[in-house]
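A quick write-up on the structure given underneath.
None of the figures in this text is laboratory data; all of them are computed from the coordinates on show. Nothing here was measured: the structure is a model prediction, and the numbers come from that model. All Cβ positions, glycine included, derive from the backbone under ideal geometry; neighbour counts span all protein chains shown.
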Amino acid sequence: MMQDSSPGTRAEFARLDEQDPLRGHRERFALPEGVIYLDGNSLGALPRGVSARLTQAIEREWGVGLIRSWNDAGWYPAPQRVGGRIASLIGARPDEVIVADSTSINLFKVLVAALRLRPGRRRILGERGNFPTDVYVASGVAELMDAEFVAVEPDDVLAAIDEQTAVVSLTHVNYKTGRRYDMAEVTRRAQAKGALVVWDLCHTAGAMPCGLNDAHVDFAVGCSYKYLNGGPGAPAFVFVAQKHHGQVRQPITGWHGHARPFDFVHDYEPGQGLDHMLVGTAPQLGLIVLEEALKAFDGVDMNQVRHKSERLTGLFIELVDRTLGDFGFGLATPRDAAQRGSQVSLTHPEGYAIMQALIARGVIGDFRAPDILRFGFTPLYVSYLDVWDAVAALRDIMSSGAWQAPEYRQRKAVT
């Protein structure tokens, strides 16, 4: 007989859903019937209120209010207002987060700013296996600023931080493996050596408590279309610790970052606080969607979110171990819950075809080359039964050989 901590039947998984304090939050999302959505770590599901809010913005605020809505509908201060809402989910002060641009652009801005705060130091330290944009941007910044970008294996990061390091730039949860850094430890070690730290929170924000201020983080960036459910291409956010306000000089000095944009003066004067992190006109429709989507977190305890995330991912790993041992799967994600984010990554030489077969069955994850099958577990809408049924579908696909169908081998543009 299995212990209560490791349910062994579908009925026992159903009972976990009955006991789940977050079970009611699933109704906040417009999930299609018959779909098990395990790709919220790539694109979050649609919150129910978004469609009506966007219709109002288009038909009333834009259609009728026209340009008056910059003032009358509260468009203009949306980057600061929505940033403050995200701040509450990542352990920051409301005035330390602002919504602007994309993650890549924000990373560029803070890396240049951080290097400028450490004159005499010319090294950006990163990790091998990080998301490509982080590597590309860091390399570009190093070239632009006459610095060097050094990437080491994740296990070697702490030892590689030295007195020549200006900036340590890492992703908190790795996009492929789901491995999670100890943010406080890395930040403490870097700052003890005189370096600044930049964290990419794309696979963190909305999936777990973050505690940026508790960890004394300097800078952070992140997207809003994954666990924050802001929609495809939603605007990103940037965090700058209050202690750096007034010192930071970011390199893209656009008119919305000016202290008085509508004075239209020739010389640039940076705005107060984080306003100077803005560049051009904010994408208002994207901001409106994101602000509405964030209401899905109203009344949510992020510690409960993290607890459920650890349970969902742990049970998924247990079921894979128990039922798929004969099919050649490997596990790229740490087994220790404290060391992983809210995803599980399996490996298989035929990973792409297997994932396509799963998607055809209504179990939606994604694939990352060369052999990673990714499964994201968004605690607000993924259920324990979803875990059981997803693994059962995967076993059926492997047992039947369904994944070998020719149509599942044709690579699509987006994997």
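Could you give the angle, 0 to 90 degrees to the nearest 10, between helix 284-293's Cα long axis and the longest principal axis of the Cα atoms of the chain? Relative to the chain, helix 284-293 is tipped by roughly 50 degrees. What is the sum of charges, Lys and Arg at +1 and Asp and Glu at -1, for the other residues whose Cβ falls under 13 Å from the Cβ of residue 223? Value of the local net charge: -2. Stretching the chain fully between residue 105 and residue 214 yields a gain of 36.7 nm (0.36 nm per residue, less the alpha carbon separation). Our summary gives region 52-297 a relative contact order of 23 percent, counting only alpha carbon pairs under 8 angstrom and 6 or more residues apart. FRET efficiency for the pair residue 88 and residue 184, taken as 1/(1 + (r/R0)^6) with r the Cβ-Cβ distance and R0 = 25 Å, rounds to 0.80.
Net charge within 13 Å of residue 50 by Cβ-Cβ distance, Lys/Arg positive one each and Asp/Glu negative one each, not counting residue 50 itself?
+2
Separation of region 343-415 and region 235-284, taken as the distance between their Cα centroids, equals 43 angstrom.
Roughly how many nanometres apart are two label points built 7 Å out from the Cα toward the Cβ at residue 304 and residue 148? The answer from the label model is 5.1 nm.
How charged is the neighbourhood of residue 342? Take every other residue with its Cβ under 10 Å from the Cβ of residue 342, and add Lys/Arg as +1 and Asp/Glu as -1.
Values: positive: 180, 226, 306, 308, 340; negative: 310.
Residues close to residue 342 contribute a combined charge of +4.
Scanning residues 5 or more positions from residue 331 or on other chains, those with amide H under 5 Å from its amide H are 347, with H placed 1.01 Å from N in the peptide plane.
For region 42-189, what ratio Rg/Rh do Cα atoms give with a Kirkwood hydrodynamic radius? Please report the intermediate quantities before stating the final value.
Values: Rg = 19.5 Å, Rh = 18.1 Å.
Computed over Cα atoms, the ratio is 1.08.
Of all DSSP beta bridges confined to the chain, the antiparallel ones make up roughly 55%. Put simply, the amide H of residue 363, placed in the peptide plane, has neighbours under 5 Å in 36, leaving out anything fewer than 5 places away on its chain. Along region 401-415 the Karplus relation, 6.51 cos²θ - 1.76 cosθ + 1.60 evaluated at θ = phi - 60°, assigns HN-Hα couplings of x, 4, 5, 7, 4, x, 5, 7, 9, 7, 5, 8, 4, 10, 9 Hz to successive residues, with x for each Gly and Pro. Spin-label model, residue 139 to residue 407: label points 7 Å out along the Cα-to-beta-carbon direction sit 3.8 nm apart. In region 283-334, Rg over Rh equals 1.25, where Rg is the alpha-carbon radius of gyration and Rh the Kirkwood radius from pairwise Cα distances. In sequence order, region 138-144 has phi-based couplings of 4, 5, x, 5, 4, 5, 5 Hz under the Karplus curve 6.51 cos²θ - 1.76 cosθ + 1.60, θ = phi - 60°, and Gly or Pro positions carry x. Modelled spin labels at residue 265 and residue 59, positioned 7 Å past Cα toward Cβ, are 4.4 nm from each other. Between residue 33 and residue 392, the C-beta separation translates, for a Förster distance of 22 Å, into a calculated FRET efficiency of about 0.75. Relative protection proxy for 160-166, 149-155, from highest mean packing down: 160-166, 149-155 (other beta-carbon atoms within 10 angstrom).
Where does each of 341-347, 40-46 land if you order them by average Cβ count within 10 Å, highest first?
Details: 341-347: 25.7, 40-46: 22.0.
Answer by packing, highest mean first, reads 341-347, 40-46.
Note on region 370-415: with charges restricted to the Cβ of Lys and Arg (+1) and Asp and Glu (-1), its dipole about the Cα centre is near 220 debye.
What are the equivalent ellipsoid semi-axes of the chain, built from the alpha-carbon gyration tensor (square roots of five times its eigenvalues), in whole angstrom, biggest first?
Details: eigenvalues 274, 145, 73 Å².
Taking √(5λ) for each eigenvalue gives 37, 27, 19 Å, largest first.
Would you kindly state how much longer the chain becomes between residue 52 and residue 415 on full extension, computed as 0.36 nm times their sequence separation minus their alpha carbon distance, in nm to one decimal?
Contour length minus the Cα-Cα distance gives 127.6 nm.
Angle between the Cα long axis of helix 183-192 and the longest principal axis of the chain, 0 to 90 degrees, nearest 10? Rounded to the nearest ten degrees, it is 40.
Rg then Dmax, both in Å and based on the Cα atoms of region 52-297: 18.1, 59.
What is the chain's relative contact order, in percent, from Cα pairs under 8 angstrom and six or more apart in sequence?
For the chain, the relative contact order is 22 percent.
Here the 3J(HN,Hα) profile of region 112-124, calculated from phi with Karplus coefficients 6.51, -1.76 and 1.60 at θ = phi - 60°, is 4, 4, 5, 4, 5, 7, 10, x, x, 10, 10, 10, 9 Hz, Gly and Pro shown as x.
Number of Lys-Lys pairs in the chain with C-alpha atoms under 23 Å apart and a separation of 8 or more places or on different chains: 11.
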